[in-house]
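Heads up, the thing below is written out as structure tokens.
The values are calculated or read from the model by the stated rules, or taken from the named source; none is laboratory data. No experiment lies behind these values; they were computed from the predicted model shown. All Cβ positions, glycine included, derive from the backbone under ideal geometry; neighbour counts span all protein chains shown.
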2 protein chains.
Amino acid sequence: MEYAVRGKVVIAADRIHDELTNPQSQPHHLRKKHPFSHIVYTNIGNPHSVGQSPITWPRQVLALADLPNDVGIDHPKIHELFPKDAIERARYIKESALEGYGTGAYSHSQGPKLFRQEICDFIEKRDGLDAGSCNPDCIFMTNGASSAIEMILTALIADTSCGVMIPIPQYPIYSATIDLLGGKKVGYYLNEEKGWDMNTEELERSLADAKAQGIVVNSFVLINPGNPTGQVLSRQAIKRIVKFCAKHRLVLLADEVYQENVYDENAEFYSCKRAAVETGLVKEDALELISFHSTSKGLLGECGRRGGYMELEGVDRDVRDQLYKMASAGLCSNIPGQIMTSLMVRGPKRGDPSYASYQREKKHVFDGLKRRAKIASDGFNAIPGFSCQEAQGAMYCFPAVSLPDAAIRLAQENGMAPDTMYAVSLLEKTGICVVPASGFGQEKGRFGFRTTFLPSEDEMVRVVDAVKRHHEDFCKQFSS
Amino acid sequence: MEYAVRGKVVIAADRIHDELTNPQSQPHHLRKKHPFSHIVYTNIGNPHSVGQSPITWPRQVLALADLPNDVGIDHPKIHELFPKDAIERARYIKESALEGYGTGAYSHSQGPKLFRQEICDFIEKRDGLDAGSCNPDCIFMTNGASSAIEMILTALIADTSCGVMIPIPQYPIYSATIDLLGGKKVGYYLNEEKGWDMNTEELERSLADAKAQGIVVNSFVLINPGNPTGQVLSRQAIKRIVKFCAKHRLVLLADEVYQENVYDENAEFYSCKRAAVETGLVKEDALELISFHSTSKGLLGECGRRGGYMELEGVDRDVRDQLYKMASAGLCSNIPGQIMTSLMVRGPKRGDPSYASYQREKKHVFDGLKRRAKIASDGFNAIPGFSCQEAQGAMYCFPAVSLPDAAIRLAQENGMAPDTMYAVSLLEKTGICVVPASGFGQEKGRFGFRTTFLPSEDEMVRVVDAVKRHHEDFCKQFSS
């Protein structure tokens, strides 16, 4: 099991970070000089750790929900400090959603029913569906999307014959968890030249190859907007995928945690749920779909909450009952994460005291991400030897990098992936911490890395420039 | 996979609860009359859901840590509302422990190093160990103890030959997770007559039987103080267990989440870590021990946080590296749960403004639990046909109940565990929701249930009385 996003390069970065911030911890003769003052962490989609501010209103509600009433919502001075809509929302959460028990009790194993209803309302509104298209009994609130994904893969992989289709490249929670559970990864390639698009021929090819090897493929992972690739799939592409899964009776796992992060004005987020409804597959009961969402991405970027949910659509009642038992073994997801999820799907409404500031803060985050997506993808694309698709969405660029033959040979002699060697070099020379593309999977002979574009705009401009200069030096070093 | 604590009886109780609190939701002709006004939930150790108040100071720190600084610790009015030691601790958490990123960022996969150091200090102090006996690199902060237990069992059960020794009776997260992962449960019986004690002969018998069946037993679960049994094991018993595990090279999983919940003045909590040190097994590097703790129990009762940790002792570096990768797949545990764990292991110190109230609130919770432990175990023990060991610790009684032969036959004809039928009857007649003992495992021919003693003292007195009257009626019904 490998986990590149927190793998070898990141561990090396953490060590250098310690040396830089606490030089006294090292004996004098071991202290290294580094040609930079700090590590730029672009290895992980962790917005608050690189300067994004939390949105104020959800944090106020969260704080008020945690305080005992006599020092919180019922305290006379609290009105001087907090807006009315934060106090009233906290009261609703404590008294209604959490049934008067507050934030310190276990909730229902799937999360409080009123929160699950809010999630249903959100999905129906987002997708333009009829009221009642979502069922709160089919919502499971989870410790971030990660734990939902782990739970579903645990349920799907009964033995070593079970296979799960995953994109190449993909986010490593899938490969790592499938390996850990002893299942089979069945990769399908995204088409880099066409902006990481998916085509049905490749899906059919991948599935047929797996079947020929005796693998029992039972599920299909879609990540849209893409991670690490940043593409946003069209309505047509999503419809082709839901039909492919229905045709082959594959459970579709739709990782849609970047649904708010769409920057390209010609693109839009189109959910698998909506595609399943609009193709008639829901009506025909012809598709099993599990969709994941999270508070960690979007514009809140509240990674530390571990808030998230999954929605089951078309999943048999007995399977749902089994998932309920699995959720019950963990008792429930964390309540602050549930609250943040509820606040994400139902913010202040027009006319509420916090409405304007909430919208303004969210827009500030969105506009900044949009500008940085362009700085990064245009910047990398302009480096000779780099090729970088446009980051239409998500938080990442995934450039392909031409490496000198001599570098490739040297890495292979050392039993190292060439792009890991490249990423270590980039780290040691510039302090920029990226993840080698080999950690996500890619076509044979391709090399590259994944970087977020989360640091500040000034920092991202410096990152692009430093990557460019490092690449020139690296190529020079290996051509001589 | 079964999960009794949230199983059949609880689902029935929830349905009745809905009927009682929201009668309009049922069509008129379907509305049932119930001979009680509310459900008494004694099925789960969820203190805040049955009236226990949260301790104030940790909630204040948590709230302050979540607020953005300009509306939180730096706001001039905040000093009028919050004690200085809550504000300063929140500042320390945000600026030092969370490295300035606040509560919205992912932390290190194992939790922030400063929190892990606090946990080490706590363990060393609790156990009277030398400074440095615990290593922060061997602490993993987790979403409650549940997710730590699931992670470790996932790592230990590589295939269907792997066996885990578990007590009978046990807490169902072990049986359910082992079943889910396809491993083998290897039960060892606790001795009910001797207050649920453990003896080495029974451990050797159980292990030898499993080996004879070809099971590769690699680990051993100890729950102390016991769940569902409430016993607190002696120093001698714990030392025998660590030696047994060392002798047979079994990884010892020490579930010590009730370590603060010891009510019997002749008993004390004695950790497996301390036993491993005092028997010399740590020095000899002869034992692999993983200990679990949680914010959900003790005196905080902060179940909704999903805060907890595990400590590895004597575990190989490469195994620890694998666990780090598993933890990384979930990125990190939730930050509010980490903060609550930090506050649990390091409360206000003598002289701090909140010290006295914090101690007073904790004592209030402890004294109440101690009185109710006695009300419940003495009360059940006095019911003819009941036998209930003293609840020395934890939050539960686990009485044995003699059932009429006719009741046992009827249940078996209906394919039901007799004590499930009994628990359903108790629920329908009295509104008291207990968990059938068969959900935890017990000797053949034994019947009974587990109940918490968490509801208020008045309510517990009523519960004991109602259980007594129900038992008389139940026996009468089946003797006629």
Hey, could you check region A:11-56 for residues that are hydrophobic (A, V, I, L, M, F, W, C) and free of Cβ contacts under 8 Å to residues at least 24 places away in the same chain and say which is surrounded by the most Cβ atoms within 10 Å (Cβ to Cβ)? A:LEU20
What number goes with the only condition from (1) out of contact with any Pro (no Cβ under 9 Å at 6 or more places or on another chain); (2) surrounded by 24 or more Cβ atoms within 10 Å (Cβ to Cβ); (3) closer than 21 Å to B:LEU180 by Cα; (4) not hydroxyl-bearing (Ser, Thr, Tyr) that A:GLN110 does not pass? (1)
Closer than 30 Å to A:VAL50 by Cα, among the acidic types (Asp, Glu) and in contact with a Gly (Cβ under 6 Å, 6 or more places away or on another chain), is that true of A:GLU260? yes
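Just checking, which of B:SER161, B:SER96 is in contact with a strand residue (DSSP E or B) (Cβ under 6 Å, 6 or more places away or on another chain) and surrounded by fewer than 19 Cβ atoms within 10 Å (Cβ to Cβ)?
Matching residue, one of B:SER161, B:SER96: B:SER161.
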Over region A:33-59, the set of residues of a type outside the set (Phe, Trp, Tyr) and assigned to a strand (DSSP E or B) is A:VAL40
Assuming A:GLY144 fulfils every condition listed in (1) more than 27 Å from the chain's Cα centre (by Cα); (2) within 12 Å of chain B (Cβ to nearest Cβ); (3) not charged (D, E, K, R) apart from one, which condition is it? (1)
When the residues of region A:67-84 are filtered to those that are over 37 Å from the mean Cα position of the chain (by Cα), modelled with pLDDT of 90 or more and within 20 Å of A:GLY100 (Cα to Cα), which remaining residue is farthest from the other protein chains (Cβ to nearest Cβ)? A:ASP74
What tally of residues in region B:63-106 results from selecting those that are without any contact (Cβ under 8 Å) to a residue 40 or more places away in the chain and touching a Phe, Trp or Tyr at 6+ places or on another chain (Cβ under 7 Å)? 1
Show me the helices (runs of 4 or more DSSP H) entirely contained within region B:254-358 in which 2 or more residues are within 23 Å of B:LYS125 (Cα to Cα). B:272-278, B:335-345
The conditions are (1) more than 14 Å from chain B (Cβ to nearest Cβ); (2) touching a His at 6+ places or on another chain (Cβ under 9 Å), and A:SER271 fails exactly one of them. Which is it? (2)
Just checking, which of A:GLY301, A:GLY307, A:GLY314 is within 20 Å of A:CYS138 (Cβ to Cβ) and crowded, with 24+ Cβ neighbours inside 10 Å? A:GLY307
Would you please list the contacts, defined by Cβ atoms under 7 Å and residues six or more apart or on different chains, that run from a residue in region B:302-325 that is within 14 Å of chain A (Cβ to nearest Cβ) to a residue that is among the hydrophobic types (A, V, I, L, M, F, W, C) and part of a strand (DSSP E or B)? B:GLY308/B:PHE292; B:ARG320/B:LEU312; B:LEU323/B:PHE140
Can you confirm whether B:ARG91 is basic (Lys, Arg) and assigned by TED's automatic domain parsing to the domain that holds B:PHE292? no
Residues being modelled with pLDDT of 90 or more and more than 22 Å from the chain's Cα centre (by Cα): count how many of those fall in region B:20-53. 7
Cβ-Cβ under 9 Å, sequence separation 6+ or interchain: first residue in region B:185-209 and closer than 24 Å to B:ILE157 by Cα, partner β-branched (Val, Ile, Thr) and assigned to a helix (DSSP H, G or I). Which pairs? B:LYS185/B:ILE178; B:LEU203/B:ILE241
Qualifying residue in region B:197-213 (condition: part of a loop (DSSP other than H, G, I, E, B) and either touching an Asp or Glu at 6+ places or on another chain (Cβ under 8 Å) or crowded, with 21+ Cβ neighbours inside 10 Å (or both)): yes
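Conditions (1) buried (at least 21 other Cβ atoms within 10 Å of the Cβ); (2) modelled with pLDDT of 95 or more; (3) not in a loop (DSSP other than H, G, I, E, B), marked per residue:
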residue	(1), (2), (3)
B:ALA406	no, yes, yes
B:LEU410	no, yes, yes
B:GLY415	no, no, no
B:TYR422	yes, yes, yes
B:SER425	no, yes, yes
B:GLU428	no, yes, yes
B:ARG446	no, yes, no
B:PHE449	yes, yes, yes
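In region B:1-32, what residues are assigned to a loop (DSSP other than H, G, I, E, B), farther than 17 Å from B:SER438 by Cα and either in contact with a helix residue (DSSP H, G or I) (Cβ under 9 Å, 6 or more places away or on another chain) or within 12 Å of another protein chain (Cβ to nearest Cβ) (or both)?
B:ASN22, B:GLN26, B:ARG31, B:LYS32
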Can you confirm whether region A:419-426 contains a residue that is outside the structural domain of A:VAL262 (by TED's automatic domain parsing), β-branched (Val, Ile, Thr) and closer than 22 Å to A:LEU233 by Cα? no
Residue check, B:LYS194 assigned by TED's automatic domain parsing to the domain that holds B:SER146, at pLDDT below 95 and either assigned to a helix (DSSP H, G or I) or surrounded by fewer than 23 Cβ atoms within 10 Å (Cβ to Cβ) (or both): yes
Residues that are surrounded by fewer than 23 Cβ atoms within 10 Å (Cβ to Cβ) and either in a helix (DSSP H, G or I) or under 21 Å from the mean Cα position of the chain (by Cα) (or both), drawn from region A:373-388: A:LYS374, A:ILE375, A:ASP378, A:GLY379, A:ASN381, A:CYS388
Take region A:451-480 and flag every residue that is more than 27 Å from A:PRO47 (Cβ to Cβ) and either in a helix (DSSP H, G or I) or of a type in the set (Lys, Arg) (or both). A:GLU472, A:ASP473, A:PHE474, A:CYS475, A:LYS476, A:GLN477, A:PHE478, A:SER479
